Number of protein chains: 2
Amino acid sequence: MTVDNTGRELVLTRLLDAPRDKLFKCWTDPELIKQWFTPAPWSTLHAETDPRTGGSSYIVMADPDGNEYPNRGVYLEVVENEKIVFTDAFTQAWQPSDKPFFTGIITFEDDGGKTRYTARARHWTLEDKENHEKMGFHEGWGKCAEQLEALAKSL
Amino acid sequence: MTVDNTGRELVLTRLLDAPRDKLFKCWTDPELIKQWFTPAPWSTLHAETDPRTGGSSYIVMADPDGNEYPNRGVYLEVVENEKIVFTDAFTQAWQPSDKPFFTGIITFEDDGGKTRYTARARHWTLEDKENHEKMGFHEGWGKCAEQLEALAKSL
């Protein structure tokens with residue numbers, strides 16, 4: 001894992017009580033994504049995934065008032081049960097998006113019978129990183145990690 | 001190949017009198033890159049490549065006065081003798097760069113004993129595409145295509 005030296009990274013890490021393969025499945029199966037991907041009372045209305053290098057993702061989130069937020073992205077690197085790297089810098093392979101906001105790096109590591117879950121968000125600008133933080137990155141991704149853990153445990 | 005529908009693409013295509021595998025080698029072998037990659041009287045002082053998904057590239061170009069222009073990038077997709085996709089949006093896997101400028105898509109197709117060579121440059125902004133064009137994209141990449149053809153024929 002390349003260490004960030006730009007100051008444009010946000011990191012969330014949790015020790016989750018669920019095995020790596022089930023967490024990976026929650027991250028890649030569209031039907032499961034809809035059950036944990038947005039911090040309640042937000043919701044995930046729709047999810048499409050193609051978890052391999054160059055594969056597309058399309059996720060539509062909704063706020064409590066029903067306003068929809070569609071997100072297109074591309075997977076850059078996927079190692080089953082270990083690592084998922086994706087970005088909104090492309091809408092599909094390889095079409096630059098209107099606004100590259102961040103690249104997400106998700107890793108799953110065995111840790112004493114549980115899983116060390118780490119989610120990194122690396123941004124192209126410091127302003128975007130700061131905005132992401134103000135939008136509630138730590139609270140939102142933290143709540144999602146709890147939802148993810150609960151779902152993975154139930155599988 | 002996804003068709004561009006953003007208006008932010010520049011395309012150069014040529015029928016080159018050299019086989020695909022030699023053109024691919026010229027695009028990926030550092031010692032060969034130094035011989036054709038910049039339109040004379042510019043030069044390529046240094047080249048490092050790792051042509052696979054997530055591999056890094058580092059190329060230093062120089063203008064006729066000796067001013068150096070280092071370029072770091074990452075390969076997004078490489079199909080031997082067929083296709084090379086790279087971008088300056090990352091400096092390495094997966095570190096966003098300070099300025100995503102373009103993604104290059106290079107394809108080599110058999111065409112009547114020659115090779116249809118197509119180089120696409122897809123940008124994140126219309127301004128960057130226009131600047132790239134004003135910097136002499138068509139002339140520069142055209143001259144490089146001639147240098148590439150001459151070198152590949154000589155191998």
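Just a few scattered comments:
- The single condition among (1) more than 14 Å from chain B (Cβ to nearest Cβ); (2) of a type in the set (Val, Ile, Thr); (3) surrounded by fewer than 21 Cβ atoms within 10 Å (Cβ to Cβ) that A:Thr125 does not meet is (1).
- Complete set of residues in segment A:52-72 that are closer than 16 Å to A:Ile106 by Cβ and either within 14 Å of chain B (Cβ to nearest Cβ) or acidic (Asp, Glu) (or both): A:Arg52, A:Thr53, A:Gly55
- One residue from A:Thr103, A:Thr115, A:Thr107 being within 14 Å of chain B (Cβ to nearest Cβ), in contact (Cβ under 8 Å) with a residue 40 or more places away in the chain and part of a strand (DSSP E or B): A:Thr107
- Of all residue pairs spaced 6 or more apart or on separate chains, those with beta-carbon atoms under 9 Å, a first member in segment B:40-61 that is basic (Lys, Arg) and a second member that is part of a strand (DSSP E or B) are B:Arg52/B:Tyr75; B:Arg52/B:Val78.
- Test: residue in segment B:73-83 that is within 20 Å of A:Thr2 (Cβ to Cβ), among the aromatic types (Phe, Trp, Tyr) and within 11 Å of another protein chain (Cβ to nearest Cβ): yes
- Scanning segment B:93-136 for residues that are closer than 27 Å to A:Thr103 by Cβ and among the aromatic types (Phe, Trp, Tyr), we see that the one that is nearest to the chain's Cα centre (by Cα) is B:Phe102.
- Subset of segment B:59-79 (residues that are over 24 Å from A:Val78 (Cα atoms) and either in a loop (DSSP other than H, G, I, E, B) or not β-branched (Val, Ile, Thr) (or both)): B:Met61, B:Ala62, B:Asp63, B:Pro64, B:Asp65, B:Gly66, B:Asn67, B:Glu68, B:Tyr69, B:Pro70, B:Asn71
- Annotation note: of A:Phe86, A:Phe24, the sole residue that is surrounded by 16 or more Cβ atoms within 10 Å (Cβ to Cβ), in a strand (DSSP E or B), at negative phi and of a type in the set (Phe, Trp, Tyr) is A:Phe86.
- Per the listing A:Asp21, A:Asp4, the residue uniquely of a type in the set (Asp, Glu) and within 14 Å of chain B (Cβ to nearest Cβ) is A:Asp4.
Read-outs: derived from the displayed coordinates by stated rules, not from any lab. Treat the numbers as computed from the prediction; the structure is a model and nothing was measured. Backbone-built Cβ (ideal geometry, glycine too); neighbour counts: all protein chains shown.
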